[in-house]
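Visitor: I have a structure I would like to understand better, so I am pasting it below and will then ask my questions one at a time.
What follows is calculated from the coordinates using simple rules that are stated; it is not laboratory data. As the structure is a prediction and not an experimental result, all values here were calculated from the model. Cβ placement follows ideal geometry from the backbone for every residue including glycine, while neighbour counts extend to all protein chains displayed.
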Amino acid sequence: MADIARIGVIGAGQMGNGIAHVAAQAGITVVMLDVAQAALDKAQATIAKNMDRQVQKGTLQAADRDAALARISASTDHAAFGDCDLVIEAATENEALKTKILAALCPHLRADALIATNTSSIPITRLAAATDRPGRFVGMHFFNPVPLMKLVEVIRGLATEDATVQAVAGLATRMGKTVAYAADYPAFIVNRILLPMINEACFALQEGVGDVASIDTGMKLGCNHPMGPLELADFIGLDTCLSVLEVLHQGLGDPKYRPSPLLRKYVEAGWLGRKTGRGFYDHSVSPPKPTR
């Protein structure tokens with residue numbers, strides 16, 4: 001399985017289309033799957049637009065763009081995965097949904113096919129148990145936006161075989177990514193460290209220690225971060241931030257991971273950040289305006 005030539009991607013959203021983009025650009029044939037054809041059409045248009053931008057910047061040749069786009073196909077039928085060497089699940093960060101998707105996927109795969117999940121926090125061992133091949137199941141956590149972010153966390157579940165880890169790490173390297181190997185603990189490495197920082201920023205805002213602009217400016221200029229924690233939370237999605245914090249809190253049982261009530265309140269209001277136009281910033285204006 002070291003030479004992965006054809007992959008499937010489940011989920012045509014921001015992460016799924018980004019994974020398809022970098023895989024196709026690396027010479028790998030990709031089948032994207034989603035329940036809605038409209039989502040697939042939107043994803044293919046997004047990939048084409050992003051590759052066009054690379055051509056304009058001179059980082060991708062027009063001929064290479066055309067060849068990469070030709071490697072991507074789309075389907076709403078799991079049968080399209082029948083000849084895939086690997087399928088990457090990149091659905092919404094919801095364990096019940098992911099478990100359902102993985103169970104439905106397995107009957108359509110070759111016996112030797114690998115499965116990876118792009119989860120940012122959910123235990124790999126638990127997701128693997130929903131499949132018929134825990135040894136061939138692994139975490140492959142990409143970061144957003146996938147074409148620009150260089151890291152992939154490869155997470156081994158309790159039953160994951162060495163050959164699976166090696167094959168998936170090799171694929172990530174072919175995609176131009178650097179691999180960090182993580183153990184199967186809640187939120188792995190990056191989000192284990194990042195989300196408590198974002199959560200603490202939410203508590204600081206909630207308690208009036210500083211307003212949105214002051215907190216973000218403080219971290220950008222005081223710690224040389226490219227984005228402030230509240231700006232970054234809006235970029236990630238406040239619902240995703242809350243979900244990861246809940247996984248950390250429940251999985252480790254430590255009160256230091258308790259999600260900020262203010263963060264929860266924003267999610268309950270539907271203020272999820274950039275994707276809804278409002279979070280800690282109002283994204284309907286340019287530049288975005290702090291909401292507190």
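Visitor: How much FRET efficiency would the formula 1/(1 + (r/R0)^6) give for R264 and T76, where r is the Cβ-Cβ distance and R0 is 30 Å, rounded to 0.05?
Guide: The formula returns an efficiency of 0.30 here.
Visitor: With +1 assigned to the C-beta of every Lys and Arg and -1 to the C-beta of every Asp and Glu, and no other charges, what is the dipole magnitude of the stretch 6-183 about the Cα centre in debye, to the nearest 20?
Guide: 360
Visitor: Which pairs break 26 Å Cα to Cα here: K150/K256; K49/K275; K42/K275; K150/K275; K100/K256?
Guide: Distance filter (> 26 Å) returns K150/K256; K100/K256.
Visitor: What residue among Q54, A96, L238 has its Cα farthest toward the positive end of the dipole of the chain, where the charges are +1 on Lys, Arg and -1 on Asp, Glu, each on the Cβ?
Guide: Q54
Visitor: Let me ask something else. Under a Cβ-only charge scheme (Lys and Arg +1, Asp and Glu -1), can you give me the dipole magnitude of the stretch 192-290 about the Cα centre, in debye to the nearest 20?
Guide: Value, rounded to 20: 120 debye.
Visitor: Provide the per-residue ³J(HN,Hα) series for the stretch 192-199, in order, calculated from phi with Karplus coefficients 6.51, -1.76, 1.60 and θ = phi - 60°, each as a whole number of Hz, with x at glycine and proline positions.
Guide: Couplings: 4, 8, 6, 5, x, 5, 4, 4 Hz.
Visitor: For the stretch 114-161 and the stretch 232-292, what is the separation of their C-alpha centers, rounded to whole Å?
Guide: Distance between centres, Cα-based: 24 Å.
Visitor: Can you tell me the orientation of helix 37-57 relative to the chain, as the angle in degrees between its alpha-carbon axis and the longest Cα principal axis, to the nearest 10?
Guide: 80
Visitor: Springs between alpha-carbon atoms under 10 Å, Gaussian network over the chain: tell me which of A129, A12, A36 tops the mean-square fluctuations.
Guide: Its mean-square fluctuation being the largest, the pick is A36.
Visitor: Hey, in the GNM for the chain with a 10 angstrom Cα cutoff, which one of D254, D112, D216 fluctuates hardest?
Guide: Evaluated over the chain, the most mobile residue of the options is D254.
Visitor: Now for a different question. How far is helix 162-174 tilted, in degrees, relative to the longest principal axis of the Cα atoms in the chain, given as a value from 0 to 90 rounded to the nearest 10?
Guide: 80
Visitor: Let me ask something else. In whole Hz, with x marking every Gly and Pro, tabulate ³J(HN,Hα) for the stretch 65-76 from phi via Karplus 6.51 cos²θ - 1.76 cosθ + 1.60, θ = phi - 60°.
Guide: Coupling constants for the stretch 65-76: 4, 4, 5, 5, 4, 5, 7, 9, 10, 9, 7, 9 Hz.
Visitor: Could you tell me which of A38, Q250, L262 has its Cα farthest along the dipole of the chain towards the positive end, charges placed at Cβ (Lys, Arg +1; Asp, Glu -1), taken about the Cα centre?
Guide: L262
Visitor: Rg and Dmax in Å for the chain, alpha carbons only: what are they?
Guide: 19.3, 56
Visitor: Would you pull out the residues with amide H under 5 Å of T291's amide H, same chain only if 5 or more places away, H placed 1.01 Å from N?
Guide: Those qualifying (amide H under 5 Å, at least 5 residues apart or on another chain) are Y281, D282.
Visitor: Explain nothing, just compute: Karplus ³J(HN,Hα) = 6.51 cos²θ - 1.76 cosθ + 1.60, θ = phi - 60°, for every residue of the stretch 133-141 in order, whole Hz, x for Gly and Pro.
Guide: 8, x, x, 9, 10, 8, x, 9, 8
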